[in-house]
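These notes are about the structure you will find just below.
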Amino acid sequence: MSMRHGFLAALITTAALLFTSQAGASQPRFITIGTAGVTGVYYPVGGAICRLVNQGRAEHGMRCSAESTGGSVFNLNSLRGGDFDIVLAQSDWHYHAWHGSDRFADNGADEKLRALFSLQIEAFTVLARPDAKIEKFTDLKGKRVNIGNPGSGQRGTAETLLAALGMSTDDFALSTELPSREQAQVLCDNRVDAIFFTVGHPTGSIQEPISTCNARLVPVVGDKVDALVADRPYYAATTIPGGMYPGNPDDTRTFGVAATLVASADTADEAVYQVVRAVFENFDAFRRLHPALGQLTPEAMIRDGLSAPLHEGAKRYYREAGLLQD
């Protein structure tokens, strides 16, 4: 009799475990968002999204966390490999991942890539030491330049720009590959003459070297830059307003991309629904969480900078909110 009871207990326990496992599969408990370096905008924006999601944890039961990463290209590869649920990525690399082009050519198109929404416009930003005599981008020839770490969106965009201008890293006296968190220090320590950053403005990563060593913004303009922007749907001309940073009173013209939030088709619909819902139902609070988010509008966020199809979980919320008609 005791053996029967033991056997029944084992069956009940096994059934309970199976039920729990199946419930966990349909109702995810943890959401991880891949961002970028801690000194840029992606990391605090990812954290802001997670804070809004976590405020509703008592209702939906999910916990969200944001992780610092190597940046856009790294994030998109990691998303495809199943290492993250959701990632932030520049719109140009989001485009290439969806189409299987450029750095994603070897692996082919990521047909499971899905968009949630776009965020701030990120300007390709060149910052130079005041004693380096760099007034325009081509003045970087013969200078020491940090081009960014492999796997970062800024590194990829820099290489695209250099190719469009008929330049390469061989034109620099030194090209370093330091991540964004180390750029300000090496610039102000006079170990490099200029740094690149693709980032939303205003941001502390640009404010720091400007305040510490009077760094100057350098425009990225010209016919070849205009042609580059015109030829690629994910680029747009943009301007860093004069006076945004001390010692830089004039508008700085450059080009940029949109930051986008993307997931895999394998990411649970409910997880994506709750992330999108948390942002759009707390929209004013979300825009106040970082200065770079201040100009966002719901309509532009689901229209601009998105190459991959919308995720089903995102579409569900947009339909309910009257933002999407199909």
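Points to keep in mind about this one:
- Checking Gly6 against (1) at pLDDT below 50; (2) surrounded by 12 or more Cβ atoms within 10 Å (Cβ to Cβ), the condition it does not meet: (2)
- Unmet requirement for Arg114, which otherwise passes all of (1) assigned by TED's automatic domain parsing to the domain that holds Asp304; (2) surrounded by fewer than 22 Cβ atoms within 10 Å (Cβ to Cβ); (3) among the basic types (Lys, Arg): (2)
- Lone unmet requirement of (1) buried (at least 21 other Cβ atoms within 10 Å of the Cβ); (2) more than 26 Å from Ala308 (Cα to Cα); (3) of a type in the set (Ser, Thr, Tyr) for Thr138: (1)
- When Ala123 is tested against the conditions (1) crowded, with 17+ Cβ neighbours inside 10 Å; (2) modelled with pLDDT of 95 or more; (3) closer than 22 Å to Thr238 by Cβ; (4) not polar (S, T, N, Q), the lone failure is (2).
- Scope the range 208-239; condition under 12 Å from Leu165 (Cβ atoms), touching a strand residue (DSSP E or B) at 6+ places or on another chain (Cβ under 6 Å) and surrounded by fewer than 18 Cβ atoms within 10 Å (Cβ to Cβ); matching residues: Val221
- Every condition in (1) touching a strand residue (DSSP E or B) at 6+ places or on another chain (Cβ under 8 Å); (2) on the phi < 0 side of the Ramachandran plot; (3) surrounded by 15 or more Cβ atoms within 10 Å (Cβ to Cβ) is met by Leu289 except one, and the failing one is (1).
- Checked against the criterion of being in contact (Cβ under 8 Å) with a residue 40 or more places away in the chain, over 30 Å from Phe255 (Cα atoms) and either among the basic types (Lys, Arg) or not assigned by TED's automatic domain parsing to the domain that holds Glu159 (or both), the candidates Gly40, Gly46, Gly56 yield just one match: Gly56.
- Of all residues in the range 95-117, none satisfies the criterion of being at pLDDT below 95 and in contact with a strand residue (DSSP E or B) (Cβ under 8 Å, 6 or more places away or on another chain).
- Some residue of the range 303-312 being part of a helix (DSSP H, G or I) and more than 30 Å from Thr212 (Cα to Cα): yes
- Test: residue in the range 60-83 that is within 17 Å of Phe280 (Cα to Cα) and assigned by TED's automatic domain parsing to the domain that holds Ala285: yes
- Condition broken by Ala265, with the remaining ones in (1) among the aliphatic types (A, V, I, L, M); (2) under 25 Å from Trp93 (Cβ atoms); (3) modelled with pLDDT under 95; (4) surrounded by fewer than 19 Cβ atoms within 10 Å (Cβ to Cβ) satisfied: (3)
- Here Asn146 meets each of (1) modelled with pLDDT under 95; (2) crowded, with 22+ Cβ neighbours inside 10 Å; (3) assigned by TED's automatic domain parsing to the domain that holds Phe197 with one exception, condition (1).
- Note on the range 171-207: residues that are within 22 Å of Arg253 (Cβ to Cβ), buried (at least 17 other Cβ atoms within 10 Å of the Cβ) and polar (S, T, N, Q) amount to 4.
The values are calculated or read from the model by the stated rules, or taken from the named source; none is laboratory data. These figures come from a predicted structure and were not determined experimentally. Cβ sites come from the backbone with ideal geometry, for glycine too, and all protein chains shown count toward neighbours.
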